[in-house]
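*Asks:* This structure is in C-alpha cells; I'll ask about it shortly.
Since every read-out is calculated from the coordinates, none of them should be taken as a lab result. Note that the structure is predicted; figures quoted are calculated from it, not measured. Here the Cβ is made from the backbone with ideal geometry for all residues, glycine too, and neighbour counts use every protein chain on show.
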C-alpha cells in the first residue's frame, strides 16, 4: 500500500510540473553542451554545481532536474555553452559540476 501511495504522490508531482515554467522541469533552450576541447576560444564565466534532490527509483528525474537547473543558471550568467564533468556510465551521481562559457558574440 505504501508503495502505491508513494507512486501516486510522484504522479501528482509530475502532473503539477506540467503547469510550471520551472526550467528544471521544462528544460533550457539556447544553451549548447559540449566538451572541454571545444571551448578553447571561449570566455570562461563561472563554475556551477548542483545536487540532485531525489534518489532511488527517481534518481534519473532528480539528475535531469539538477542538470536543467545548472543550464538555467549558466544562461542567467550570460553563458551560451556549458561543459559538464564526465560521469562514468552506471555511476551514482550525487553532485553535478559544470563550467559555463560565452562562445558567441
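*Asks:* What's the ranking of 66-76, 39-49, 93-103 by average number of surrounding C-beta atoms within 10 Å, highest first?
*Replies:* 66-76, 93-103, 39-49
*Asks:* Another question, if that's okay. If you count the DSSP beta bridges with both ends in the stretch 21-105, what percent of them are antiparallel, to the nearest 5?
*Replies:* DSSP beta bridges in the stretch 21-105 are roughly 85 percent antiparallel.
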